[in-house]
Amino acid sequence: MPHPIRPDQRHEAGWRIDASQFERFSAVNDVFNRSWWDPSVRSEKTERFFESYRKPLEEWRKARGFQRKDYALRNAAWHGADIFAEMKEDQDRREGFLDPLSVLRDASDEVEHFDSPEIAASELKQVALVLGADLVGIAETDERWLYSEAYSRELDGAKPNPMDPGLDRVVVIGQAMDPSLIATAPSALAGAATGLGYSQDVIVLLSIAQYIRNLGYSAVPSMNDTALAIPYAIKAGLGEYGRHGLVITPEHGSNVRFGKIFTNMPVDIDHPIRFGVEEMCNLCRACSDGCPSSAIPAGDPNDHLHNVSNIKGISKWSVDGEACFNYWAKINSDCSVCIRVCPYTRDYDRWQNKLWAKVAGSRLRRMALWWDRRQGQGARVSSKAWWSASTETPVTLSPTRGSPDSL
Ligand code: B12
Ligand code: SF4
Ligand code: SF4
């Protein structure tokens, strides 16, 4: 089923870009890549952080959620994505993270023709969902969101980031992350949700790209490499941008990862949606208050650059990536607290949460915020509760205000 967008929710992207200041972003300057080449980011802690994904830590922390079984699960969840990332490292490719995924058969010589771009788009979306995507939308490609350079670990610097300009469509997919794991953030256990998201994404992206190629068109599947996911997800109508610097979707809040497929298949495009997120973020500060590294701004959108890891010339809420990643290195795992505490992170299969979303999108949004806080929605679930759910019947993983795990 295609993504449901009501006509009254269609909007233009509304980018606030100062063309005289704008510069395409170089992947060399994202914080992960800087932690390889930039001594002001690289440290023993960042090295130990990356190593902990490959081999067991030498010292285990006593804190729950950071013990051996938590890391065992986290690293197992990453395993699928890791296999593809490491498969062509001898060719200076880190597929899915620094380079597009390439384990694909060639496109068919025979091209399938569709009666209209609308039909082609709706069939493609149905295929994407059946192949495992949770959300799918389509946008026009836009050079502004293409990285100006890719990062090469071999060169320890920039390498070209080629993209065929004939690929004028980008299919953006969303993969929901496991809410019961995210509810334990910050923890290595919650990091399993991230790893699973990536591992599933790889398979789904490759399958959709192969389907397009089997129809005789070009398709380049991309995860974190090649281009910025967030402006594309917004353009493709998957959600609205939040204060925490992430896209909030109507179906899963921001508890979702994005992947993209660049193609020349002649498909119709989607439109950005608005459902009250910006207005809610103007009232709410749950993410900026809850962020353990104070990386999320509490003020209005602006074009302030925290450091070289922010794109230039766009007025928006921007996260301090250095502060965020420093915290990850300190706790030895990634963090998802900003997703956990956001009031939009809910199970929208439940009628109460559907009703909450309706109120949140109306003039009564203050009431929705009050209701959210009263519910204790977004409180941390203890990792102990997550593990003990395996022996309890029925399984209960609802958030409690009880004693949160200490770090
Ligand atoms: C590098 C990176 C990080 C780094 C460093 C960011 C940096 N500044 O270098 C750090 C460590 C901070 C990080 C953290 C997280 N990340 Co991250 N990250 C990325 C990655 C790989 C590259 C982004 C990048 O190049 N940023 C550098 C510059 C452009 O940053 P910036 O100017 O601050 O812009 C940010 C936003 O403002 C937005 N953005 C960029 N251009 C524009 C333009 C407009 C008009 C707008 C409105 C927004 C916008 O995207 C940028 C995201 O960093 C993307 C994947 C991708 N290719 O996009 C995932 C990605 C953004 N991360 C993601 C997630 C989920 C997280 C975490 C929750 C961790 C986790 N559990 O996975 C945290 C959340 C932190 C936060 N609140 O933002 C998801 C977001 C999904 C969503 N729902 O929106 C992405 C898309 C990965 C994915 N495959 O889904 N991340
Ligand atoms: S991932 Fe954690 S440290 Fe980074 S911005 Fe979100 S809450 Fe803050
Ligand atoms: S936590 Fe609140 S302010 Fe932050 S993104 Fe979610 S709704 Fe917006």
Hey, any hits in segment 230-241 for a residue that's within 7 Å of ligand 1 (Cβ to nearest atom), within 23 Å of Val341 (Cα to Cα) and assigned to a strand (DSSP E or B)?
yes
Number of positions in segment 288-331 that are part of a loop (DSSP other than H, G, I, E, B), in contact with a Phe, Trp or Tyr (Cβ under 8 Å, 6 or more places away or on another chain) and away from ligand 3 (no atom under 16 Å from the Cβ):
2
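One line per residue, one yes/no per condition, for (1) modelled with pLDDT under 95; (2) surrounded by 22 or more Cβ atoms within 10 Å (Cβ to Cβ); (3) among the aromatic types (Phe, Trp, Tyr):
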site	(1), (2), (3)
Ile138	no, yes, no
Tyr147	no, no, yes
Pro160	no, no, no
Ser187	no, yes, no
Arg213	no, no, no
Ala219	no, yes, no
Leu228	no, no, no
Assuming Gly276 fulfils every condition listed in (1) at negative phi; (2) more than 16 Å from the chain's Cα centre (by Cα) apart from one, which condition is it?
(1)
Kindly indicate whether any position in segment 258-265 is part of a loop (DSSP other than H, G, I, E, B), of a type outside the set (A, V, I, L, M, F, W, C), closer than 25 Å to Glu110 by Cβ and away from ligand 3 (no atom under 15 Å from the Cβ).
yes
Pairs needed: first member in segment 332-350, part of a helix (DSSP H, G or I); second member anywhere, polar (S, T, N, Q) and more than 7 Å from ligand 2 (Cβ to nearest atom); C-beta distance under 9 Å; at least 6 residues apart or different chains.
Cys338/Ser254; Cys338/Ser288; Ile339/Ser254; Ile339/Asn255; Ile339/Thr345; Arg340/Thr184; Arg340/Asn255; Val341/Gln377
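Condition test on Lys358, is it charged (D, E, K, R), modelled with pLDDT of 95 or more, near ligand 1 (Cβ under 9 Å from one of its atoms) and out of contact with any helix residue (DSSP H, G or I) (no Cβ under 7 Å at 6 or more places or on another chain)?
For Lys358, the condition - charged (D, E, K, R), modelled with pLDDT of 95 or more, near ligand 1 (Cβ under 9 Å from one of its atoms) and out of contact with any helix residue (DSSP H, G or I) (no Cβ under 7 Å at 6 or more places or on another chain) - is not met.
Give me the residue from segment 319-367 that is more than 16 Å from ligand 2 (Cβ to nearest atom) and of a type in the set (Gly, Ala, Ser) and, out of that set, farthest from Arg64 (Cα to Cα).
If we take residues in segment 319-367 being more than 16 Å from ligand 2 (Cβ to nearest atom) and of a type in the set (Gly, Ala, Ser), then Ser362 is farthest from Arg64 (Cα to Cα).
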Tally time: how many residues in segment 164-188 are within 15 Å of ligand 2 (Cβ to nearest atom), out of contact with any strand residue (DSSP E or B) (no Cβ under 7 Å at 6 or more places or on another chain) and within 23 Å of Asp349 (Cβ to Cβ)?
5
Given the structure, is Leu206 surrounded by fewer than 24 Cβ atoms within 10 Å (Cβ to Cβ), touching a Phe, Trp or Tyr at 6+ places or on another chain (Cβ under 8 Å) and of a type in the set (A, V, I, L, M, F, W, C)?
no
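Every residue, every condition in (1) hydrophobic (A, V, I, L, M, F, W, C); (2) more than 8 Å from ligand 1 (Cβ to nearest atom); (3) closer than 30 Å to Arg48 by Cα, yes or no:
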| residue | (1), (2), (3) |
| --- | --- |
| Pro301 | no, yes, no |
| Gly321 | no, no, yes |
| Thr345 | no, yes, no |
| Trp351 | yes, yes, no |
| Ser362 | no, yes, no |
Within segment 274-299, tally of residues that are crowded, with 20+ Cβ neighbours inside 10 Å and either within 14 Å of Gly378 (Cβ to Cβ) or at pLDDT below 95 (or both):
6
Any chance Pro231 is within 27 Å of Glu118 (Cα to Cα) and either touching a helix residue (DSSP H, G or I) at 6+ places or on another chain (Cβ under 6 Å) or within 16 Å of ligand 2 (Cβ to nearest atom) (or both):
yes
Checking Gly245 against (1) more than 8 Å from ligand 1 (Cβ to nearest atom); (2) surrounded by fewer than 23 Cβ atoms within 10 Å (Cβ to Cβ); (3) under 22 Å from Ala192 (Cα atoms), which test does it fail?
(1)
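Answer with yes or no whether Asp18 is closer than 20 Å to His306 by Cβ, at pLDDT below 95 and more than 10 Å from ligand 1 (Cβ to nearest atom).
When the stated conditions are applied, Asp18 passes them.
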Scanning segment 138-175 residue by residue, the ones that are of a type in the set (S, T, N, Q) and over 27 Å from Ser199 (Cβ atoms) total 1
Quick check, is Ser362 within 16 Å of ligand 3 (Cβ to nearest atom), in a loop (DSSP other than H, G, I, E, B), in contact (Cβ under 8 Å) with a residue 24 or more places away in the chain and surrounded by fewer than 17 Cβ atoms within 10 Å (Cβ to Cβ)?
yes
Yes or no: segment 374-389 includes at least one residue that is hydrophobic (A, V, I, L, M, F, W, C), closer than 30 Å to Arg144 by Cα, buried (at least 21 other Cβ atoms within 10 Å of the Cβ) and touching a Leu at 6+ places or on another chain (Cβ under 8 Å).
no
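The values are calculated or read from the model by the stated rules, or taken from the named source; none is laboratory data. Note that the structure is predicted; figures quoted are calculated from it, not measured. Glycine also receives a Cβ, built like all others from the backbone with ideal geometry; neighbour counts cover every protein chain displayed.
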